[in-house]
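Asker: Before anything else, here's the structure in question.
The values are calculated or read from the model by the stated rules, or taken from the named source; none is laboratory data. Bear in mind the structure is a predicted one, so any value in this text is a computation, not a measurement. Note: ideal-geometry Cβ built from the backbone for every residue, glycine included; neighbour counts use all protein chains shown.
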Amino acid sequence: MWYTKYLQWYDRPFAGITPEVLDMVREKNDRLNSDSPLVSIVIIAHNEEKHLISCIWSLLDNHFDFPIELITVNNNSTDHTEELLQRLDVTYYNEDKKGPGYARQCGLDHAKGKYYLCIDADTIYPPYYITTHIKELLKPGIVCSHSLWSFIPDASHSKASLFAYESLRDMFLYLQAIKRPELSVRGMTLGFNTELARRIGFRTDIIRGEDGYLAFQLKQYGKITFIHSRKARVVTGYGTLEKDGSFFRSFKIRFAEQFKHLFSLFSKKMNYEDDESNILDKF
């Protein structure tokens, strides 16, 4: 698989990464970064020293023929994330206010590119990911793009169970995107027009959903495009997928919840009310 070489270093602490790999990634980063980028590739990272090298390496291995900048937002990390970024000579900014909204807004404030790709540090990106998104964003009337993701195979999850989960999830996302595309957006696979996004900004008062909110607001300027191509399908860790216990239990809960709202997806929604449990406690 295309991500095999990156997986060798996924889940390794900073101290376990060889100098040869660190020097190789650093050299790629120094060679590819431009002071006048067309595209800003912005990684957000909170305590991601074990995943960051695989993420950055995969992005720098991408095939593209336009100038880019790669920057990282270190979101209040307490591990060796910042030390790793310094070792790789990656441009980064420290955002002390914890939360994806704060981190993504920090990246948006510093981005120089006309187009912006949101990146999560625990995710690995395929070789034509950047090009595939930018081709869509260059089309007239397109202001936002997003794509799909798979989970990294491991000993705890069979290929059959992952295939079943992802197939059903993807089918639901396709249906959801017909009338409510903003609900199918995930920040780790999100791209947009930087100038238009700055007019709106990311919400910093919510725990999750800052990505969908931005996409929803961008609809006033144009269309959201859903990229189905495997060229833009990333692989990622399990994050909060198993917060409900076992993978199977999580699957049942999520499927039941999505099925309950299935028929409402065939109508557009003009506004969304905040869930109190999703409001960020600032005190």
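Asker: Quick check on my filter: what residues within the range 137-149 are surrounded by fewer than 17 Cβ atoms within 10 Å (Cβ to Cβ) and in contact (Cβ under 8 Å) with a residue 60 or more places away in the chain?
Answerer: Of everything in the range 137-149, those that are surrounded by fewer than 17 Cβ atoms within 10 Å (Cβ to Cβ) and in contact (Cβ under 8 Å) with a residue 60 or more places away in the chain turn out to be K139, G141.
Asker: For the range 51-80: of the residues being free of Cβ contacts under 8 Å to residues at least 60 places away in the same chain and part of a helix (DSSP H, G or I), which is surrounded by the most Cβ atoms within 10 Å (Cβ to Cβ)?
Answerer: Result: I56.
Asker: Pairs needed: first member in the range 152-175, under 16 Å from F226 (Cα atoms); second member anywhere, part of a helix (DSSP H, G or I); C-beta distance under 6 Å; at least 6 residues apart or different chains.
Answerer: F172/Q258; L173/S184; L175/L265
Asker: Go through (1) touching a helix residue (DSSP H, G or I) at 6+ places or on another chain (Cβ under 6 Å); (2) within 26 Å of N193 (Cα to Cα); (3) of a type in the set (D, E) one by one and return the number of the condition E48 breaks.
Answerer: (2)
Asker: For the range 172-226, how many residues meet the condition of being under 22 Å from P140 (Cβ atoms) and in a loop (DSSP other than H, G, I, E, B)?
Answerer: Matching residues across the range 172-226 total 5.
Asker: Could you tell me which residue of the range 191-207 is nearest to P127 (Cα to Cα), considering only residues that are out of contact with any strand residue (DSSP E or B) (no Cβ under 9 Å at 6 or more places or on another chain), crowded, with 17+ Cβ neighbours inside 10 Å and not β-branched (V, I, T)?
Answerer: Ranking the candidates gives F202 first.
Asker: Another question, then. Being out of contact with any His (no Cβ under 6 Å at 6 or more places or on another chain) and within 20 Å of T78 (Cα to Cα) is the filter here, so list the residues in the range 11-41 that pass it.
Answerer: Selection gives D11, R12, P13, A15, G16, I17.
Asker: Right, something else. Determine which member of the set G99, G107 is in contact with a strand residue (DSSP E or B) (Cβ under 9 Å, 6 or more places away or on another chain) and on the phi > 0 side of the Ramachandran plot.
Answerer: After ruling out the rest, the residue left standing is G99.
Asker: Filter the range 7-50 for residues that are among the hydroxyl-bearing types (S, T, Y), surrounded by 13 or more Cβ atoms within 10 Å (Cβ to Cβ) and more than 22 Å from R186 (Cα to Cα) and give the result.
Answerer: S34 - this is the single residue of the range 7-50 that is among the hydroxyl-bearing types (S, T, Y), surrounded by 13 or more Cβ atoms within 10 Å (Cβ to Cβ) and more than 22 Å from R186 (Cα to Cα).
Asker: Just give me the residues in the range 1-32 being within 21 Å of the chain's Cα centre (by Cα), touching a residue at least 60 places away in the same chain (Cβ under 8 Å) and under 17 Å from E48 (Cα atoms), in sequence order.
Answerer: Y6, L7, Y10, V25
Asker: Hey, does the range 250-271 have a residue that's surrounded by fewer than 14 Cβ atoms within 10 Å (Cβ to Cβ), of a type in the set (V, I, T), under 18 Å from S167 (Cα atoms) and modelled with pLDDT under 70?
Answerer: Yes, the range 250-271 contains at least one residue that is surrounded by fewer than 14 Cβ atoms within 10 Å (Cβ to Cβ), of a type in the set (V, I, T), under 18 Å from S167 (Cα atoms) and modelled with pLDDT under 70.
Asker: Let me ask something else about it. Please enumerate the residues belonging to the range 81-131 that are crowded, with 23+ Cβ neighbours inside 10 Å, among the aromatic types (F, W, Y) and not in a helix (DSSP H, G or I).
Answerer: Matches in the range 81-131: Y115, Y116, Y125.
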